[in-house]
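A quick write-up on the structure given underneath.
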Amino acid sequence: MNVAVLGEILPGEHRVALIPASIPKLEKLGCEVTVVSGAGVPSHFSDDEYREAGATIAPDVSATVHGAGVVLKVQAPTDEEIVALPEGVVFISLLSPLTEPELIGRLGAAKVTAFALELIPRITRAQSMDVLSSQATVAGYKAVLTGADELAKFLPMFMTAAGTIRPGKVLVLGAGVAGLQAIATARRLGAKVEAFDVRPAVREQIESLGATFLETQEEVAGEGEGGYAKELSEEQHQRELELIAAHIADTDLVITTAQIPGRPAPRLITEEMVDTMHPGSVIVDLAANSGGNCAVTREGETVVRNGVKVMGPANLPAEIPMHASQMFSKNVETLLKELVAEGELLLDFEDEIVAGTCVTHGGEVLHGPTKKKLG
Ligand code: NAD
């Protein structure tokens with residue numbers, strides 16, 4: 001069976017879905033790999049490296065997907081790509097299934113069997129397929145570096161002949177995968193770090209990284225299904241806003257990562273709170289593409305308000321493309337081990353991973369329990 005790898009078209013998307021090191025692993029599953037020419041170039045994997053690893057290089061999309069059983073991409077397919085896909089092919093990528101029902105409908109109508117990588121269930125067996133986790137690790141790390149680079153201050157403490165510099169103060173809101181990586185990175189840079197999350201279970205993880213978990217007088221907790229958070233009541237949300245307002249004014253760098261799957265990001269920083277911060281401070285809002293945790297955030301832009309830079313990066317993992325692609329590729333490779341045996345596709349719709357992740361099959365949009373909001 002042929003596995004096809006497409007290139008990325010979205011501006012700023014420098015990742016590739018499969019790197020050369022994964023090709024021998026797919027060959028062991030009985031697969032041959034065809035890669036569209038140049039697909040790996042933005043992440044610094046050349047066509048020659050793919051060839052040396054055993055892949056065939058094809059000149060364009062239609063030659064790449066011709067006769068393929070599986071097609072891989074990082075971002076969702078364009079309409080032109082959907083038209084080029086062979087009927088019945090398995091297509092695997094990020095698909096934003098909870099917010100892009102029309103795209104899912106088009107994939108269904110094209111009789112593509114589409115897998116949305118966002119829906120990989122959060123179970124131990126699927127951990128090494130979990131693209132959201134691997135890419136959130138990259139985003140959390142890069143958010144701190146990006147923010148530190150924009151700061152008018154140091155993060156580490158310095159004791160020099162020119163005087164003593166106090167360590168910078170970092171506040172991390174949301175301590176899931178990205179937030180915990182942001183805490184670890186800020187600590188490595190020598191910052192004093194405070195953090196808050198609505199899932200009380202993460203307190204211990206925050207503290208074990210050397211950060212302080214912010215306390216509320218009355219509990220603010222929103223543990224949802226599958227390891228995710230759920231929306232807070234209005235009263236709890238107000239309590240959280242008061243907590244943040246009490247800490248943000250003397251913070252140098254804020255990293256926000258709070259998300260609720262399929263919902264707009266919770267609003268945690270108001271304009272008034274930004275106005276209490278010192279000019280030269282920075283906010284990096286990792287929830288920019290689901291509406292932002294900060295009222296000032298604009299996706300893909302840096303807004304300067306009274307000297308405070310509010311950054312809303314649209315795609316931070318793509319800014320560390322080699323390692324982000326390496327992790328993405330490993331995730332996809334592990335998923336393919338579930339779907340392919342001896343060069344044949346074996347889709348077991350009773351299996352939790354297949355049932356949870358597959359969004360279209362046989363011309364239908366699938367509505368499993370994890371996909372009830374698909375439309
Ligand atoms: P996410 O990206 O959906 O959200 C980021 C964080 O924001 C979460 O920790 C969430 O609790 C927090 N949040 C939501 N609303 C908030 C609010 N109002 N204020 C403050 N924080 C708020 O989540 P994620 O990082 O993808 O993962 C969440 C959890 O799932 C983590 O504990 C992670 O370890 C776990 N997980 C488990 C597996 C597995 O078992 N296979 C895989 C991946 C992640």
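Readers should treat all values here as calculations from the given coordinates under stated rules, not as data from a laboratory. Because the structure is a prediction, the values reported are computed rather than measured. Here the Cβ is made from the backbone with ideal geometry for all residues, glycine too, and neighbour counts use every protein chain on show.
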(request) Please tell me the relative contact order of the stretch 224-320 in percent, rounded to the nearest whole number, where contacts are Cα pairs under 8 Å and at least six residues apart. (result) 23 percent
(message) Please list, in order along the stretch 298-314, the HN-Hα scalar couplings obtained from phi with the Karplus expression 6.51 cos²θ - 1.76 cosθ + 1.60 (θ = phi - 60°), rounded to whole Hz, x for Gly and Pro.
(response) 10, 4, x, 10, 10, 9, 9, 10, 6, x, 8, 8, 10, 9, x, x, 7
(message) For a quick check: with amide H placed at 1.01 Å from N, whose amide H comes under 5 Å from V310's, ignoring anything fewer than 5 positions away on the same chain?
(response) I283, V303, V304, R305
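If you take the beta carbon distance between T124 and I9 as r and set R0 to 35 Å, what does 1/(1 + (r/R0)^6) give as a FRET efficiency, to the nearest 0.05? Walk me through the numbers on the way to the answer.
On the way: r = 35 Å, r/R0 = 0.99.
Calculated value: 0.50.
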(message) Under the rule a/c < 1.5 gives rounded, and otherwise a/b versus b/c splits prolate from oblate, where does the stretch 170-283 land using the Cα gyration tensor?
(response) oblate
(message) Relative contact order for the chain: what percent, with Cα pairs under 8 Å and sequence separation of 6 or more?
(response) 20 percent
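Please tell me the relative contact order of the stretch 98-203 in percent, rounded to the nearest whole number, where contacts are Cα pairs under 8 Å and at least six residues apart.
Numbers: 115 pairs, mean separation 21.9, N = 106.
Across the stretch 98-203, relative contact order equals 21 percent.
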(message) Using the basic label-point model (7 angstrom from Cα toward the beta carbon), what is the T78 to S233 distance in nanometres?
(response) 5.0 nm
(message) If R₀ is 45 angstrom, what is the calculated FRET efficiency for the pair S208 and K111, using the beta carbon separation as r and rounding to 0.05?
(response) 0.40
(message) Using the Cα centre of the chain as origin and beta-carbon charges of +1 (Lys, Arg) and -1 (Asp, Glu), tell me which of P156, Y50, V71 is placed farthest towards the positive end of the dipole.
(response) P156
(request) For V5, list long-range residues whose amide hydrogen, built 1.01 Å from N in the peptide plane, is under 5 Å from its own amide hydrogen. (result) T34, V35, V36, L72
(message) Name the residue from A288, N306, L345 whose Cα lies farthest towards the positive end of the charge dipole of the stretch 280-357, charges +1 on Cβ of Lys and Arg and -1 on Cβ of Asp and Glu.
(response) N306
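Could you sort the peptides 11-20, 229-238 by per-residue average Cβ neighbour count (10 Å cutoff), highest mean leading? Before the final figure, lay out each step's value.
Numbers: 11-20: 23.0, 229-238: 14.0.
Those peptides, ordered most packed to least, come out 11-20, 229-238.
Once every DSSP H run of n ≥ 4 in the chain is given -39500 (n - 2.57) and the sum is divided by its residues, what mean residue ellipticity at 222 nm do you get, rounded to the nearest 500 deg cm²/dmol? Display every interim value, and only then the final one.
Numbers: 12 runs with 115 residues, N = 375.
-9000 deg cm²/dmol, from helical runs alone.
Please sort through the DSSP H helices of the chain and keep those with an alpha-carbon extent of at least 15 Å along the long axis and a Kyte-Doolittle average not below -0.5.
On the way: long enough: 131-150 (28 Å, 0.39); 177-188 (17 Å, 0.51); 234-248 (21 Å, -0.78); 321-339 (26 Å, -0.26).
Helix filter hits for the chain: 131-150, 177-188, 321-339.
Applying 1/(1 + (r/R0)^6) with R0 = 22 Å to the Cβ-Cβ distance of E87 and K28, what FRET efficiency is obtained, to the nearest 0.05?
Details: r = 28 Å, r/R0 = 1.26.
Result of the calculation: an efficiency of 0.20.
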(request) For the stretch 243-264 and the stretch 148-215, compute the distance between their C-alpha centroids and round to whole Å. (result) 13 Å
(message) Which of rounded, prolate or oblate describes the stretch 45-141 when judged by the alpha-carbon gyration tensor and an a/c cut-off of 1.5?
(response) oblate
(request) With a cut-off of 20 Å, note down the residues of the stretch 270-287 whose backbone N falls inside the zone around a label point 7 Å from the Cα of I165 toward its beta carbon. (result) 278-284
